[in-house]
Amino acid sequence: MTRAAVIGAGTMGNGIAHVFAQHGWEVALVDSAAGALEKATATMRGNLDRQVKKGTIPPEAPAEILARVKTGTSLDAAAGAALVVEAASEDPSVKFAIFEQLDRVAPPGAILATNTSSISITEIAARTRRPEQVIGMHFMNPVPVMQLVEVIRGQATSDATTASVMETARALGKVPVEVHDYPGFVANRVLMPMINEAVFCVMEGVATPESIDTVMKLGMAHPMGPLALADFIGLDVCLAILDVLHRGLGDDKYRACPLLRRMVAAGQLGRKTGRGFFSYDSGQGKG
Ligand code: NAD
């Protein structure tokens, strides 16, 4: 496989396009918002230049890699792709509509993957006439840096599709891990309850956010404390995933902490709004 389409050019989409193009794939990067495509190209250029400065790619590489990424606003660009990775907004109705259209435009043999953090792969696959070729390819943020790809099999995903996506992830220099389609998969099912418990600790006054993060960093060897990580992910995103776990698994151990809900209601979403459990200046430093 050498041609990919990436749908959605936001935080994740630009990183996914970057990694595919860096490994020799021709990439069609599609976003319904033209502005997002311009921003994505600028982000990819900046990240590639940083790789040159670090000496991980040669100085001529960024131009070659960027030349392999064609941007556009129409899903028709998926017509020539062997693999499509959807990384559009985390909204079921958006993803369902995209997959219905991709099923019509992508070649019959193409694999349709989604980068969703929490929406059922099985439900997305059911919107297509090729559920055996639909799979989760859950990259982590920032995509060019993080090694893991959670590969999620829906109810109907075939062994051949899974094997192909596992092989592709390895060819991209990633480490794929195969998991099954239950709410939150593995990454968020394990991570979000920990973040939620850290928020309960703040709410109950067990310790300050700084202290809680210090305990987890120095005591558990986590590179980032759970509250700084929540701010990085976005508190609205954390809340939405906890609600998916709570609804999907039906167990109150996943109920979101009222303080998390209150902060989201107040617009304190973490780094992206400048304030969450910590404050951030425009340079994104933690304060
Ligand atoms: P984002 O909001 O940064 O980007 C989403 C992009 O999708 C936007 O540019 C938007 O214009 C575009 N879009 C919306 N509807 C579209 C459509 N119909 N057709 C084409 N483009 C459309 O979101 P993100 O953080 O990059 O997340 C994308 C996906 O990746 C989500 O499913 C999210 O759950 C998942 N994810 C995010 C992270 C993360 O840390 N941000 C990590 C892992 C997975």
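Just one of the listed residues (171, 156, 198) is touching a His at 6+ places or on another chain (Cβ under 7 Å) and either under 23 Å from residue 19 (Cα atoms) or at pLDDT 95 or above (or both), namely 171. The set of residues in segment 87-116 that are near the ligand (Cβ under 9 Å from one of its atoms) and either open to solvent by less than 30 Å² (accessible area, probe 1.4 Å) or at positive phi (or both) comprises 87, 88, 95, 98, 114, 115, 116. In the set (1) touching a Pro at 6+ places or on another chain (Cβ under 6 Å); (2) open to solvent by less than 50 Å² (accessible area, probe 1.4 Å), the condition left unmet by residue 124 is number (1). Of the residues in segment 272-285, at least one is assigned to a helix (DSSP H, G or I) and surrounded by 14 or more Cβ atoms within 10 Å (Cβ to Cβ).
If you go through segment 127-141 and keep only what is crowded, with 20+ Cβ neighbours inside 10 Å and near the ligand (Cβ under 7 Å from one of its atoms), you end up with 138, 139. Starting from segment 187-204, take each residue that is over 10 Å from residue 260 (Cα atoms) and touching a residue at least 60 places away in the same chain (Cβ under 8 Å) and list its partners that are part of a helix (DSSP H, G or I) and open to solvent by 30 Å² or more (accessible area, probe 1.4 Å), counting only C-beta distances under 8 angstrom and pairs at least six apart or across chains. The qualifying pairs are 193/253. Taking segment 44-69, which residues are open to solvent by 50 Å² or more (accessible area, probe 1.4 Å) and part of a helix (DSSP H, G or I)? Once the filter is applied, which keeps residues that are open to solvent by 50 Å² or more (accessible area, probe 1.4 Å) and part of a helix (DSSP H, G or I), segment 44-69 yields 45, 49, 50, 53, 54, 63, 64, 67.
Report whether or not residue 82 is open to solvent by less than 60 Å² (accessible area, probe 1.4 Å) and near the ligand (Cβ under 10 Å from one of its atoms). When the stated conditions are applied, residue 82 does not pass them.
The values are calculated or read from the model by the stated rules, or taken from the named source; none is laboratory data. Predicted, not measured: the structure shown is a model, and the values here were computed from it. In this analysis, Cβ positions are derived from the backbone assuming ideal geometry, glycine residues included, and neighbour counts consider all displayed protein chains. The protein model used for the area step is the full one, side chains on, heavy atoms only, and it has no ligands, DNA or RNA in it. Shrake-Rupley method; radii C 1.70, N 1.55, O 1.52, S 1.80 Å.
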